[in-house]
């Protein structure tokens, strides 16, 4: 079974702090994704990566950056958090372009 | 660009009743279609998928969905629901050629009442 793990389940940060969210997958998938999930808004794509050191902006990249130095690891960076970044963050991976995605358990980030 | 519309944000049903969660998509090219389920405080899990072939696809826990190209729909159905089916359900679509991205609907919360 594919396993996608995320570094934290819950995080509480103060406005202006820097946050790293790490995601690791164990099935040698090429594609990895970061989403945020907010009530009534579904999943919105922040960034995705289709290869090591490659990244593409999603629908809402502002305020976020990403890093993919190794195939299995994809990090989401919030340089200076703001209260509107309070959300559930979901990481996912997929083997082939357009195929099903495998999700991690999510990180609930609260920025106060 | 593709888009997905889930027509109902909340669907309450009684246990053992049938249910249909509706999903429409728009795309000018061929697509892959998915239904995912999310239980409270968890990530999404794949429920079923349509990639090609038979337009009726089934999951191991009794859900089924039918790809209707002419109506651009991929509705999810179950003939008899259980309390444990209470969850949020997401429909998603991806294009054959969009480098792996999927577009998700806003989700439908299914609540099964005893």
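The table below lists the values:
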{"read-out": "Computed over the range B:37-114, Kirkwood Rh from alpha-carbon pairs, angstrom", "value": "13.8 Å"}
{"read-out": "Among B:102, B:54, B:73: highest mean-square fluctuation, GNM of chain B, C-alpha pairs under 10 Å", "value": "B:54"}
{"read-out": "Burial ordering of A:9, B:22, A:68, fewest other beta-carbon atoms within 10 Å first", "value": "A:9, B:22, A:68"}
{"read-out": "Most mobile of A:78, A:90, A:41 in a GNM of chain A (Cα contacts under 10 Å)", "value": "A:41"}
{"read-out": "Peptide B:103-111 - average C-beta neighbours from other chains (10 Å radius)", "value": "3"}
{"read-out": "Among A:75, A:65, A:49, residue whose mean-square fluctuation peaks in a GNM of chain A (springs only between Cα atoms under 10 Å)", "value": "A:65"}
{"read-out": "Sorted largest first, extent of the protein assembly as shown alpha carbons per principal axis (Å)", "value": "49, 39, 31"}
{"read-out": "Value of relative contact order over chain B, rounded to a whole percent, pairs C-alpha under 8 Å and six or more apart", "value": "38 percent"}
{"read-out": "Share antiparallel - DSSP beta bridges, chain B, percent rounded to 5", "value": "90 percent"}
{"read-out": "Order of A:10, A:89, A:99 under a 10 Å beta carbon neighbour criterion, fewest first", "value": "A:10, A:99, A:89"}
{"read-out": "Space enclosed by the convex hull of the alpha-carbon atoms of chain A, per residue, Å³", "value": "94 Å³"}
{"read-out": "Proxy reagent accessibility, fewest Cβ within 10 Å first, across B:44, B:110", "value": "B:110, B:44"}
{"read-out": "Relative contact order computed over the range A:27-97 (Cα-Cα under 8 Å; 6+ residues apart), in percent", "value": "39 percent"}
{"read-out": "Cα-projected label distance for residue A:56 with residue A:79, points at 7 Å along beta-carbon direction, nm", "value": "2.4 nm"}
{"read-out": "In nm, spacing of pseudo-spin labels at residue B:54 and residue A:20 (7 Å Cα→C-beta vector)", "value": "4.8 nm"}
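Each reported figure results from applying straightforward, stated rules to the coordinates on display, with no laboratory input. A quick note: this is a predicted structure, and the numbers were derived from the prediction, not measured. Ideal geometry is used to build each Cβ from the backbone, glycine not excepted, and the neighbour counts take in all protein chains shown.
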